Amino acid sequence: MRAGYRTAKEVARKHAKSFFFASYMLLGKRRQASFALYAFCRRLDDMVDVEGGNLENLSDRLARARQMVAEVYLTMPELAVPELESPAQRLVSATAQSPWDLNEFLALKDCIRHFRIPEQPFQDLISGMEMDLTVKRYRTYEELDLYCHRVAGTVGLMMAPVLGCDNPAAHTAAANLGKAMQLTNILRDIKEDFERGRIYLPADELAAFDLSEETLAEGKVDDRFRAFMRCQIARARALYALAATGIPSLKGFGAQRMVKLMGTIYGDILREIEARDYDIFSGRAHVSTRRKLGLLSVIMMSPERAMSLPTQPVEVPVLPTLPPARETPLLTSGTSA
């Protein structure tokens, strides 16, 4: 188990620089658990990206992943998904092929038991991975929002108990932070995703700004694309603002600063996209180490300045669904944070 925690830490160090940087806000068991959860999510994500061409094999491995998750909850049926069969009924074989290193899996079981993390987010995350097997386009934001919840909002729900959140009302805020970060990734990685045959931007919203797959292929940054990106960024910032409402419920030592740092670093990617005049095609927007250190100093010295509670009601912006007129389309509702 200790070896598993060490391996999980190295996975986070290698693949999640911002997350690893923010993890220094946590101590002891909470920091260890954050690594174990990250490694679990990373193994699933890598499995889809690397083996995505072999759908039959990948579908089988994801099914076995569900069985391995069920194994964790054999002794904790009260935390299992109530709509599913009991963990014992779902567990076909404890020795089934797993996408995780055995030591990492032992660490995962330990952190789940210690912090009593419910099963539902893990099963929903696997459902999100299954979406990536067949869904390459999203017609509406509602479809994309479901995907973002499954692959990222669930991570917020997994982390909530680790960070000392015992307020069920704050769980929606935790999921919103994950969704905000996933939407930020989508806006940053439009070019890379397109080259892999995937478009996560809602088709009806692209059409509303007179954009299409062809215009994305051209990589042209014109007024239509800038207006589209402004609205998408406003949506992401609204999700970050909604996420901020759950931060006071985090009671673990360093948890509030950790979440503020993660949210601020990821939110700063949006600022970087704006600074590039929305040109995400010629280079990947990122937050430099120097900038991260600057954000860290603000959060350590004046945490109230980062991800502060919204002073007015926040709604996620709704984009127009009809082709725009000559003027730049406006948000039909909501405010940006």
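The values are calculated or read from the model by the stated rules, or taken from the named source; none is laboratory data. This one's a predicted model, so the numbers in the text were calculated from it and none came from an experiment. In this analysis, Cβ positions are derived from the backbone assuming ideal geometry, glycine residues included, and neighbour counts consider all displayed protein chains.
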Response to the item:
Exactly one of Leu187, Leu157 is more than 30 Å from Arg64 (Cβ to Cβ), in a helix (DSSP H, G or I) and within 18 Å of the chain's Cα centre (by Cα), and that residue is Leu187
Response to the item:
Selection from the stretch 9-33 of residues among the small types (Gly, Ala, Ser) and either surrounded by fewer than 18 Cβ atoms within 10 Å (Cβ to Cβ) or closer than 24 Å to Val287 by Cα (or both) yields Ala12, Ala16, Ser18, Ala22, Ser23, Gly28
Discussion item. For the stretch 174-186, check the following and say yes or no: at least one residue is surrounded by fewer than 22 Cβ atoms within 10 Å (Cβ to Cβ), closer than 19 Å to Asp45 by Cα and modelled with pLDDT of 95 or more.
Written reply: yes
Worksheet item: Would a scan of the stretch 45-52 turn up a residue that is without any contact (Cβ under 8 Å) to a residue 24 or more places away in the chain, within 30 Å of Met300 (Cβ to Cβ) and not hydrophobic (A, V, I, L, M, F, W, C)?
Response: no
Worksheet item: What helices (runs of 4 or more DSSP H), lying completely within the stretch 199-276, carry at least 3 residues that are among the hydrophobic types (A, V, I, L, M, F, W, C) and either farther than 25 Å from His171 by Cα or in contact with a strand residue (DSSP E or B) (Cβ under 9 Å, 6 or more places away or on another chain) (or both)?
Response: 203-208, 223-244, 255-275
Response to the item:
Of the listed residues (Leu206, Leu157), the one being over 20 Å from Tyr266 (Cβ atoms), without any contact (Cβ under 8 Å) to a residue 40 or more places away in the chain and not charged (D, E, K, R) is Leu206
Practice prompt. Determine whether the stretch 46-68 contains at least one residue that is assigned to a helix (DSSP H, G or I), in contact with a helix residue (DSSP H, G or I) (Cβ under 6 Å, 6 or more places away or on another chain) and within 20 Å of Val162 (Cβ to Cβ).
Written response: no
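Quick check: is even one residue across the stretch 111-121 acidic (Asp, Glu), out of contact with any Cys (no Cβ under 7 Å at 6 or more places or on another chain), loosely packed, with under 14 Cβ neighbours inside 10 Å and modelled with pLDDT of 85 or more?
Pass one, the stretch 111-121, residues acidic (Asp, Glu): 119.
Imposing the further condition that a residue be out of contact with any Cys (no Cβ under 7 Å at 6 or more places or on another chain) reduces the set to 119.
Checking the rest, the ones that are also loosely packed, with under 14 Cβ neighbours inside 10 Å come to none.
Scanning the stretch 111-121, I find no residue that is acidic (Asp, Glu), out of contact with any Cys (no Cβ under 7 Å at 6 or more places or on another chain), loosely packed, with under 14 Cβ neighbours inside 10 Å and modelled with pLDDT of 85 or more, so the answer is no.
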